[in-house]
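J.: Okay, handing you the structure first.
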């Protein structure tokens, strides 16, 4: 069972790992199993992407992508810090269809039970200390790639997969996520 140390707020868990690893599915399964008097909630890391022009997005180096694609400050300020303090979290969500933030439909999380934050880059070093548990979801690269291709294989999507996987490799290597994680789950 996931528990938190004494204090206010929910137990905060990060599920991080490569795109296509099964983090979203695993988060939903965990939230369901952790239900009860203090239900679990899920926050999706994809909600914290930065709206950027497509050409700029796919032309980034891995280091630029790591620095610019994900607004970790928004995740910290709008979700993690309020929840750690025992306050509700209200956050702007990124909408990939419009490449903008959805001010009209913010996310809302109450500070009870367990909150699972799933997504690549959610356990960045700047955020790691705010979690009670950091989990690395380790899935073979060929399985991840097959899942990514199943989401679409048009030229635009393929260009994005190439860029994004380079960003992920940079992130995992430079931040030593596997070594920093409290737990690694082999997932297929």
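J.: Quick one: if the Förster radius is 30 Å, what FRET efficiency do residue 105 and residue 146 give, using the C-beta to C-beta distance and rounding to 0.05?
T.: Taking R0 as 30 Å, the efficiency between residue 105 and residue 146 is 0.40.
J.: Helix-only mean residue ellipticity at 222 nm, the chain, DSSP H runs n ≥ 4 weighted -39,500 (n - 2.57), per residue, nearest 500. What is it? Don't skip to the end; give the middle numbers.
T.: On the way: 9 runs with 70 residues, N = 188.
Helix contribution divided over all residues of the chain: -10000 deg cm²/dmol.
J.: Further question on the same structure: Which parts of segment 77-110 would a label at residue 157 reach, counting a residue when its backbone N lies under 18 Å from a point 7 Å out along Cα-to-Cβ?
T.: 96-99
J.: Between residue 73 and residue 97, what length in nm is gained on full extension when 0.36 nm per residue of separation is reduced by their alpha carbon distance?
T.: So the extension gain works out to 6.4 nm.
J.: Which angle from 0 to 90°, rounded to the nearest 10, does the C-alpha axis of helix 23-33 make with the longest principal axis of the chain?
T.: 20 degrees
J.: May I ask you to compute the full-extension gain from residue 50 to residue 38, defined as 0.36 nm times their residue separation minus their alpha-carbon distance, rounded to one decimal in nm?
T.: Net length gain for the segment: 1.1 nm.
J.: What angle do you read, to the nearest 10 degrees and between 0 and 90, between the alpha-carbon axis of helix 141-150 and the longest principal axis of the chain?
T.: Between helix and principal axis, roughly 80 degrees.
Every number in this text was worked out from the coordinates using simple rules, so none of it is lab data. In this text, all values refer to a predicted model and were calculated from it rather than measured experimentally. All Cβ positions, even for glycine, are placed from backbone atoms using ideal geometry, and neighbour counts span all protein chains on display.
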